[in-house]
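First comes the structure, then the notes that go with it.
None of the figures in this text is laboratory data; all of them are computed from the coordinates on show. As the structure is a prediction and not an experimental result, all values here were calculated from the model. FYI the Cβ positions are ideal-geometry reconstructions off the backbone, even for glycines, and counts take in every protein chain you see.
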There are 2 protein chains.
Amino acid sequence: MTDRYLEFANSGLGGWMVGALGLPKPAPLQRRAEAGAVALHPLLLESAGGGRMGPVLERVATASGAPLRRRWSVDERYGGLVFDASDCVDVASARALYGFFHQAVRSVAEHGRIVVIGVPPETAATAEAEAIQRGLEGFVRSLAKEARRGIGVQLLYVAPGNEDAAASTLDFLLSPRSAYVSGQVVRVAAPGVAGDARLGHAGRHLLVTGASRGIGEAIVRLFAGEGAQVTALDVPAAREDLEKLAGELGVRPLGLDITTPEAGDALVTAARAAGGFDVVVHNAGITRDRTLARMDQREWDSVMAVNLGAPLALTRALLDAGAIRRNGRIVAVSSLSGVAGNMGQTNYALSKAGWIGAVSRLARDGLGEGVTINAVAPGFIETRMTAAIPFAIREAGRRMNSMGQGGSPVDVAETIAWLAHPASGGVNGQVVRVCGQSLLGA
Amino acid sequence: MTDRYLEFANSGLGGWMVGALGLPKPAPLQRRAEAGAVALHPLLLESAGGGRMGPVLERVATASGAPLRRRWSVDERYGGLVFDASDCVDVASARALYGFFHQAVRSVAEHGRIVVIGVPPETAATAEAEAIQRGLEGFVRSLAKEARRGIGVQLLYVAPGNEDAAASTLDFLLSPRSAYVSGQVVRVAAPGVAGDARLGHAGRHLLVTGASRGIGEAIVRLFAGEGAQVTALDVPAAREDLEKLAGELGVRPLGLDITTPEAGDALVTAARAAGGFDVVVHNAGITRDRTLARMDQREWDSVMAVNLGAPLALTRALLDAGAIRRNGRIVAVSSLSGVAGNMGQTNYALSKAGWIGAVSRLARDGLGEGVTINAVAPGFIETRMTAAIPFAIREAGRRMNSMGQGGSPVDVAETIAWLAHPASGGVNGQVVRVCGQSLLGA
């Protein structure tokens, strides 16, 4: 799980060597844990026209402690650039993108953030406006590939009138918590209910499946560290890891095979004991990789059951029992493989792409008062699972992204924590990749 | 423009060497020109339940001359597999995918085709059905990566009741004309008008921009070869190439800079002289690659004007003048860069992603009786433009796809010819990649 190349390239001798040889030098990412003591660079907000993002950015900046600037200066380094391109409605007005970023992109500090704001393309007034707004995706994904130095670049479509609902998302995208998220497109619409978001995750009841290690463990640690009441579920065979974690963090262990017929009832019982869940994270997942011609029926069935069938059934059982609370959050862990497909993963990719359909549908149908459902799609994350991949393939997976390195389980956990935040009700039915802008896709 | 590695790996000595060294051995693709004399393997149609695709497949098979089988046999080799997964509505019924392909995938002949049929996910009856139908994307994209031997694998969502409208699309996807198309998702809905499709492109009036060479030239050659009346447009500076082509093929040359203020009127005049256009292909495009920080304003402006602003304005001018005929077709050439973004192409990717928004919007708005608009997004195509790319980057671009090679301009032309076919009215507002299932994406 150690990325020796990253360490080497950033050591004294190694840095000199990779420089002399012209090899890539990925920047060590700065996450929440490392960023704590760093002085905050100012945020810069400019716009192609209107000022609709001003008030929410002011609140985000104030909460983070960073000063907010409204005009670029050659003398400053910025921790984040936010450019509101909502008024780019034709080729002529889209030139503002060039005008701003041509200069300002050089002024972003290492580990800084860039967010471009647009309106949902289908709401644009004309075909040309929709073209430009949709075109922002190509612009942002290109800029993300140019940025380097640990800089993340995202596109945020904010439906007009819902600027306030973008606060938790802007806060996440401009923070070290989004260190391994880049080249992503997020939409913010009206939140279902206006919840009191000041407490964040503190006191919220969370269920995580596949909780004993890897990404699941990181989720447990993050939410428990923020004061959530965590029910950590894993298969009975993982009891030892699970109870160790529970003992360390004071979370509630729940040994349960989610694919068994009694799992629904057991989970509803656990939910009732907790007074209902505020957050459910469907993280449990397995791989049984083999080309379809060689795969056996059990390998197909078990992946489909664990990754898709069981969590869908449990979601339904919890909803039917009223066990998801008001302003609740459901987050599923999908995968880059579900987006792009992967050799040897017809079963896994079907199950993970299935979640893209499921979150879209369940969000459209509506799940209850203020309840949202979203998915994260991790790329190459450094876990025991990826450590088992043969060296050459693992190296390729690690490097084929704009950050030049694999992500950490905590990067996935941070992304889930944003989606699960009580103030994130405006984000619903979406899939966010946590992949350092992997080259791979569809 | 010669792929020496592909030639070497498929030569006697070279084939032995790449085999001994364990290097990849891309299969030379079999396009229409090469496939002419090859005996046709049967098509196989099976289904997870209903038989809705039977009649249309029978017509497609009859027209192509291939026998149609309805049950897999271990003793046969198939030129195409079509599996109708429309009735896969939950994890249990999705097992039919495994049951069929686990055996049948080995029975596909070299250069064969696989098409999975589904229903548009958002029309599925339940959330689990939507999950499975959307999940087919992951399944198909994985299977496409496993297939090799020049086999293309696609997903076709056919809205219930519109099976007949899928004929031209099935015909294309099962033919050598789709040699460099794989891992794609296409939707078929109701065609706007029931046109007489028997003549194909013969006698249809076509306008192509950027026509003098590369992909544009291939489009001109293909349509002219099928008896279309072609107006071949390019900038005045390309006059020599254009007139040579016009002389050879008997097409009408039109020297015009599409970014000039008089271009709209000139084009409408040309359209009127032709009695209106049946097909307009916006192929003209330029690159001015540079990172945004180093790009100058003219590089930004010219790419935006040529690739997006001018063709959008000309589309509007032609529509307003009634110069696009009934059952007309508009096809824009987008790019993989518009999908995934690309370093040094903030301008190009914005313009090309813009077309993804534009075709979606214009198709939704409706353009006239039976008129459709779609886009193709080429990946790495062997042209003078890509021949100018430095060797190492060119090699990476060539190999990073499921076919292990770059495409030919004719692959893009064939895809456009399918979308532009009078029988393709059920395909509207879509983007189809011509990329050999490039690994790159978003």
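Between the DSSP loop rule and a limit of at most 16 other Cβ atoms within 10 Å, which trypsin sites (Lys or Arg not before Pro) in region B:1-72 are left?
B:Arg70, B:Arg71
Are there GluC sites (Glu not before Pro) in region A:328-432 that DSSP marks as loop and that have at most 14 other Cβ atoms within 10 Å, and which are they?
A:Glu369
How high is the relative contact order of chain B, in percent, with contacts defined as C-alpha pairs under 8 Å that are six or more residues apart?
In percent, rounded to a whole number, it is 16.
Looking at the calculated P(r) for the protein assembly as shown, what percent of the C-alpha pair distances fall above 51 Å?
Result: 15 percent of Cα pairs exceed 51 Å.
Identify, among B:Ala218, B:Ala358, B:Ala228, the residue whose Cα sits farthest towards the positive end of the charge dipole of region B:197-434, taking +1 on the Cβ of Lys and Arg and -1 on the Cβ of Asp and Glu, with the dipole about the Cα centre.
B:Ala358
What GluC sites (Glu not before Pro) does region B:233-341 have in DSSP loop regions with at most 15 other beta carbons within 10 Å?
Qualifying residues, ordered by number: B:Glu262.
Can you count the Lys pairs in the protein assembly as shown with C-alpha separation below 20 Å, eight or more apart or on different chains?
Close lysine pairs found across the protein assembly as shown: 4.
So what are region B:1-146's ellipsoid semi-axes, whole angstrom, largest first, if each one is the square root of 5 times an eigenvalue of the alpha-carbon gyration tensor?
Computed over region B:1-146, the values are 33, 20, 14 Å.
Relative to the first principal axis of the alpha-carbon coordinates of chain A, what is the inclination of helix A:239-249, with its axis defined by its Cα atoms, in degrees from 0 to 90 and to the nearest 10?
Tilt relative to chain A: about 50 degrees.
How far, in nm, would the chain grow between B:Arg71 and B:Asp265 when pulled straight, counting 0.36 nm per residue and subtracting the alpha carbon separation?
Here the segment from B:Arg71 to B:Asp265 would lengthen by 64.1 nm.
Suppose the Debye formula is applied to equal point scatterers at every Cα of region A:184-276; what is log10 I(q)/I(0) at q = 0.10, 0.14, 0.18 Å⁻¹?
Debye intensities relative to I(0), on a log10 scale: -0.31, -0.58, -0.85.
If you find the alpha carbon centre of region A:273-338 and of region B:78-129, how far apart are they in angstrom?
22
With point charges of +1 on the Cβ of Lys and Arg and -1 on the Cβ of Asp and Glu, referenced to the Cα centre of region A:197-434, which listed residue (A:Ala238, A:Gly203, A:Val371) lies farthest in the positive direction of the dipole?
Checking the options against the dipole of region A:197-434, the answer is A:Val371.
Determine the equivalent ellipsoid of region A:197-434 by diagonalising the alpha-carbon gyration tensor, then write out the semi-axes as square roots of 5 times the eigenvalues, largest first, rounded to whole Å.
26, 19, 19
Using the Karplus equation 6.51 cos²θ - 1.76 cosθ + 1.60 (θ = phi - 60°), what ³J(HN,Hα) coupling, rounded to whole Hz, does each residue of region A:292-300 give in order, writing x for Gly and Pro?
The phi angles translate into 4, 5, 9, 5, 9, 4, 5, 5, 4 Hz.
Relative to the other copies, what are the label-point distances for B:Gly65, with labels 7 Å from Cα along the C-beta vector, expressed in nm at one decimal and sorted shortest first?
Nearest first, the other copies' label points are 7.7 nm away.
Based on the alpha-carbon gyration tensor of region B:296-442 and its eigenvalue square roots a ≥ b ≥ c, which shape applies: rounded if a/c is under 1.5, prolate if not and a/b is larger than b/c, or oblate?
It comes out oblate by the Cα gyration axes.
By the gyration tensor of its Cα atoms, with a ≥ b ≥ c the square roots of the eigenvalues, what is the shape of region A:237-302: rounded for a/c under 1.5, prolate for a/b over b/c, or oblate?
It is prolate, given that a/c is not under 1.5 and a/b is the larger ratio.
Around B:Ala92, with a cut-off of 13 angstrom between Cβ atoms, what is the net charge of the other residues, counting Lys and Arg +1 and Asp and Glu -1?
Charge balance in the 13 Å sphere: -3.
If you place +1 on the Cβ of every Lys and Arg, -1 on the Cβ of every Asp and Glu, and leave all else neutral, what size is the dipole of the protein assembly as shown about its Cα centre, to the nearest 20 Debye?
With only Lys, Arg, Asp and Glu charged at Cβ, the dipole is about 1020 debye.
Provide the FRET efficiency to the nearest 0.05 for the B:Val193-A:Ala20 pair, computing r from the beta carbons and using R0 = 60 Å.
E between B:Val193 and A:Ala20, to the nearest 0.05, is 0.35.
Return the Rg/Rh value of chain B, two decimal places, where both radii are evaluated on C-alpha atoms and Rh is the Kirkwood radius.
Using Cα coordinates only, the ratio equals 0.96.
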